């Protein structure tokens with residue numbers, strides 16, 4: 001019965017696609033135009049893939065990218081910590097068919113230190129290396145490769161979009177263009193996603209705020225080669241901060257925090273934590289007043305109605321990403337690639353873009369587990385019972401591996417939980433939490449009833 005229903009659904013889907021081809025919503029063909037709003041990793045990857053596939057099919061596609069930021073000038077800023085995780089090399093070289101930009105890598109990241117208020121554990125990557133770089137330079141590299149592939153870049157802000165039955169009109173401060181389909185790769189930039197929300201059923205993803213700053217050591221503390229290159233991840237008991245991180249680069253530290261309601265005051269408090277000050281050079285406190293803060297956000301839940309006839313969203317605008325540590329660049333590139341493959345092979349209708357969204361079904365399935373882990377970590381950090389769990393992981397290989405996979409984003413949360421949870425682990429964690437609660441109750445009783 002299940003097989004019958006599945007085959008019937010597939011046949012109906014193919015029947016609809018055939019009908020939509022007759023309405024001009026089939027696969028892209030010679031002479032058609034694609035407008036991409038946003039030239040970050042998602043938009044650039046989509047453009048590169050479109051041009052690569054068009055060349056293989058011997059058709060000419062006009063691909064236009066609207067991007068206001070000057071990545072190549074180096075004066076813009078990206079609120080990302082700038083760490084590329086595996087399998088980024090495979091995505092860049094095998095799927096986008098361009099060289100991996102080794103010249104941009106500032107240093108290799110072999111693992112993490114995970115800090116709670118009272119404990120720290122070292123998590124080795126077991127040979128899996130990530131790469132720390134300056135994100136703005138990586139974005140510039142991909143956009144340059146998109147231009148080399150034949151895409152046109154218009155340095156202008158998009159001001160409006162009209163999506164009709166036969167054509168899309170994209171308005172910008174520089175000029176307007178007509179296109180057959182529009183790709184929204186605009187991240188969570190409020191102005192542009194409001195345009196899409198007004199013109200389509202699209203609704204932007206839920207997100208967390210992030211604040212980032214950089215510290216450039218001076219004098220005898222300037223040499224970061226003495227550090228091991230590990231990223232320091234923090235789960236502090238500060239109520240507004242869900243997590244923080246310190247990432248050593250070639251000549252500076254990138255420091256970032258995230259949370260639903262963080263502010264500049266939250267960053268000020270984070271930078272004063274003893275565990276944070278212990279990681280940074282001794283002269284860091286002297287530079288507190290001169291640090292620049294940059295605020296951004298990242299999705300924790302997919303957008304609603306993220307595609308339709310003649311439009312599709314990718315990257316942060318779509319939110320099809322592993323929440324909280326989602327390998328954002330990897331996901332952005334893959335979304336751009338899958339959207340391009342769908343437009344070339346299947347069509348530009350909402351029915352066709354179901355295939356694109358279906359490529360990320362595992363992300364959707366993992367969301368309940370991700371949000372359960374998030375809530376547990378928030379409570380555990382705030383009330384203090386994460387520390388005994390991390391202490392267990394110190395001499396428990398399975399728990400330690402689970403922590404690395406969670407912090408690095410190596411596996412889905414569902415898989416991490418199923419691989420780790422056993423009767424023995426549950427008993428050890430339950431015992432540790434009960435003992436912790438007992439100590440807290442004794443401390444509370446001593447403080448308020450025996451003083």
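The values are calculated or read from the model by the stated rules, or taken from the named source; none is laboratory data. Being a predicted model, the structure only gives us computed values, none of them experimental. Here the Cβ positions follow ideal geometry from the backbone for every residue, glycine too, while neighbour counts run over all protein chains shown.
For residue 123, the conditions (1) in contact with a helix residue (DSSP H, G or I) (Cβ under 8 Å, 6 or more places away or on another chain); (2) more than 20 Å from residue 95 (Cβ to Cβ); (3) not in a strand (DSSP E or B) all hold with the exception of (3).
So for segment 226-245 (the condition being farther than 19 Å from residue 116 by Cα and modelled with pLDDT of 95 or more), does at least one residue qualify?
Taking every residue of segment 226-245 in turn, none turns out to be farther than 19 Å from residue 116 by Cα and modelled with pLDDT of 95 or more.
Return a yes/no flag: does segment 241-264 have any residue that is surrounded by fewer than 20 Cβ atoms within 10 Å (Cβ to Cβ) and in a helix (DSSP H, G or I). Checked against the condition, which is being surrounded by fewer than 20 Cβ atoms within 10 Å (Cβ to Cβ) and in a helix (DSSP H, G or I), segment 241-264 yields at least one hit. Within segment 98-120, restricting attention to residues that are within 20 Å of the chain's Cα centre (by Cα) and assigned to a loop (DSSP other than H, G, I, E, B), the residue that is nearest to residue 277 (Cα to Cα) is 110. Only one of the numbered conditions (1) surrounded by fewer than 18 Cβ atoms within 10 Å (Cβ to Cβ); (2) touching a residue at least 12 places away in the same chain (Cβ under 8 Å); (3) more than 30 Å from residue 401 (Cβ to Cβ) is not met by residue 103, and that is (2).
Checking 348, 344 one by one, the residue that is modelled with pLDDT of 95 or more, surrounded by 19 or more Cβ atoms within 10 Å (Cβ to Cβ) and assigned to a helix (DSSP H, G or I) is 344 and no other. Looking at (1) at pLDDT 95 or above; (2) touching a helix residue (DSSP H, G or I) at 6+ places or on another chain (Cβ under 6 Å); (3) not in a strand (DSSP E or B), which is the one condition that is false for residue 201? That leaves (2) as the condition not met.
All of (1) surrounded by 17 or more Cβ atoms within 10 Å (Cβ to Cβ); (2) under 20 Å from residue 353 (Cβ atoms) hold for residue 62 with one exception: (2).
Can you find, within segment 273-288, the residue that is farthest from residue 246 (Cα to Cα) among those that are under 27 Å from the mean Cα position of the chain (by Cα) and either not in a helix (DSSP H, G or I) or not assigned by TED's automatic domain parsing to the domain that holds residue 236 (or both)? This residue is 273.
Residues that are modelled with pLDDT under 85 and surrounded by 14 or more Cβ atoms within 10 Å (Cβ to Cβ): list the helices (runs of 4 or more DSSP H) wholly contained in segment 386-451 that include at least 2 such residues. First the steps, then the outcome.
On the way: elements: 386-394, 397-408, 413-420, 423-449.
Here the list reads 386-394, 423-449.
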